[in-house]
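Okay, so here's the structure we're looking at.
The values are calculated or read from the model by the stated rules, or taken from the named source; none is laboratory data. Since the model is a prediction, treat every value here as computed from it, not as a measurement. Neighbour counts run over all protein chains shown; Cβ positions are idealised from the backbone, glycine included. The protein model used for the area step is the full one, side chains on, heavy atoms only, and it has no ligands, DNA or RNA in it. Shrake-Rupley method; radii C 1.70, N 1.55, O 1.52, S 1.80 Å.
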Amino acid sequence: MKLYALFIIFLVTQSVAILTVAKEFDFFYFVQQWPGSYCDSRRGCCYPKTGKPAEDFSIHGLWPNYIDGSYPSNCDSSNPFDDSKVSDLESVLQEHWPTLACPSGDGLKFWRHEWEKHGTCAESVFDERGYFEAALSLKKKANLLGALENAGIKPADGVFHTMGQIKDAITKGVGYEPFIECNVDSSGYHQIYQVYQCVDASASNFIKCPVLPHGRACGNKVEFPSFSSASSRDEL
């Protein structure tokens with residue numbers, strides 16, 4: 001009987017451990033940013049060492065979240081970013097996940113931050129390489145620029161759209177309504193800055209957002225500024 005009782009305790013302990021792992025987080029925010037708005041801000045931007053990125057949305061990160069609005073961070077200091085694990089992905093990451101921070105960089109510092117702060121909190125789903133592959137796959141599924149352009153919303157300075165038009169275009173293209181965060185340029189105009197989309201806990205499928213993030217609100221009229229005409233701080 002004693003051995004049986006110990007066995008039951010072991011099974012219960014293991015079941016609790018499994019449930020604990022399963023509830024590490026509830027869903028992901030997949031966040032993309034518009035480089036034209038990033039650069040058109042007080043802090044400005046610096047183009048990567050690889051050159052000016054394309055006029056397209058770029059990945060900011062893939063962030064585990066809880067349905068109460070909080071999120072885990074920096075979950076495993078024993079698993080730091082190792083660039084050798086993604087060395088063959090670097091050219092793709094530089095294209096779709098470029099750094100615009102100053103001074104100009106090669107992206108490694110940006111990717112390290114995203115993996116160590118956010119990726120390590122989802123190790124039950126993927127390893128380091130899998131984290132970056134998952135984000136790249138989601139970007140391919142969510143062609144934000146294409147969705148907006150299909151609705152006649154194209155990057156252009158001084159042209160404004162309603163939030164309803166922008167959200168409807170992305171919802172039609174991706175299937176679920178996004179949360180859009182805006183910045184304010186030097187003229188006081190609101191601009192599309194970041195687009196948050198919710199993803200299930202497997203990091204595979206877009207879902208309806210269980211809770212919206214706490215981002216900077218947008219006015220009703222929003223600019224989608226050109227990036228082709230933007231200049232970096234290094235070029236000024």
Name the residue, out of Ala156, Ala122, Ala142, that is over 30 Å from Asp83 (Cα atoms) and small (Gly, Ala, Ser).
-> Ala156
Is there any pair with a first residue in segment 83-106 that is closer than 18 Å to Glu55 by Cα and aliphatic (A, V, I, L, M) and a second that is modelled with pLDDT under 95 and open to solvent by 50 Å² or more (accessible area, probe 1.4 Å) whose Cβ atoms are under 9 Å apart and which are 6 or more apart or on different chains, and what are they?
-> Ala101/Arg43
Within the group Gly164, Gly158, which residue is at negative phi, open to solvent by 20 Å² or more (accessible area, probe 1.4 Å) and not hydroxyl-bearing (Ser, Thr, Tyr)?
-> Gly164
The correct count of residues that are of a type outside the set (Ser, Thr, Tyr) and either crowded, with 21+ Cβ neighbours inside 10 Å or in contact with a His (Cβ under 7 Å, 6 or more places away or on another chain) (or both) in segment 40-52 is 2
Of the conditions (1) at pLDDT 90 or above; (2) under 17 Å from the mean Cα position of the chain (by Cα); (3) closer than 15 Å to Tyr38 by Cβ; (4) open to solvent by 20 Å² or more (accessible area, probe 1.4 Å), the single one that Arg216 does not satisfy is (1)
Does segment 108-126 hold any residues that are closer than 17 Å to Glu90 by Cβ and either out of contact with any Ser or Thr (no Cβ under 6 Å at 6 or more places or on another chain) or surrounded by fewer than 19 Cβ atoms within 10 Å (Cβ to Cβ) (or both), and which are they?
-> Leu108, Lys109, Trp111, Arg112, His113, Glu114, Trp115, Gly119
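Taking segment 138-152 as the region of interest, how many residues are free of Cβ contacts under 8 Å to residues at least 40 places away in the same chain, under 14 Å from Asn205 (Cβ atoms) and open to solvent by less than 70 Å² (accessible area, probe 1.4 Å)?
Total meeting the criteria: 0.
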Going by the structure shown, is Ser104 open to solvent by 50 Å² or more (accessible area, probe 1.4 Å), at pLDDT 95 or above and more than 21 Å from Tyr29 (Cα to Cα)?
-> no
Which ones in segment 180-221 are of a type in the set (Phe, Trp, Tyr) and under 18 Å from Leu145 (Cβ atoms)?
-> Tyr193, Tyr196, Phe206
Just one of the numbered conditions (1) touching a strand residue (DSSP E or B) at 6+ places or on another chain (Cβ under 8 Å); (2) in a helix (DSSP H, G or I); (3) farther than 24 Å from Leu212 by Cα is not true of Asp157; which one?
-> (2)
Would you confirm whether any residue within segment 29-39 is of a type outside the set (S, T, N, Q), farther than 26 Å from Gln191 by Cβ and at pLDDT 95 or above?
-> no
Val195 being β-branched (Val, Ile, Thr), surrounded by 17 or more Cβ atoms within 10 Å (Cβ to Cβ) and in contact with a Leu (Cβ under 9 Å, 6 or more places away or on another chain) = yes
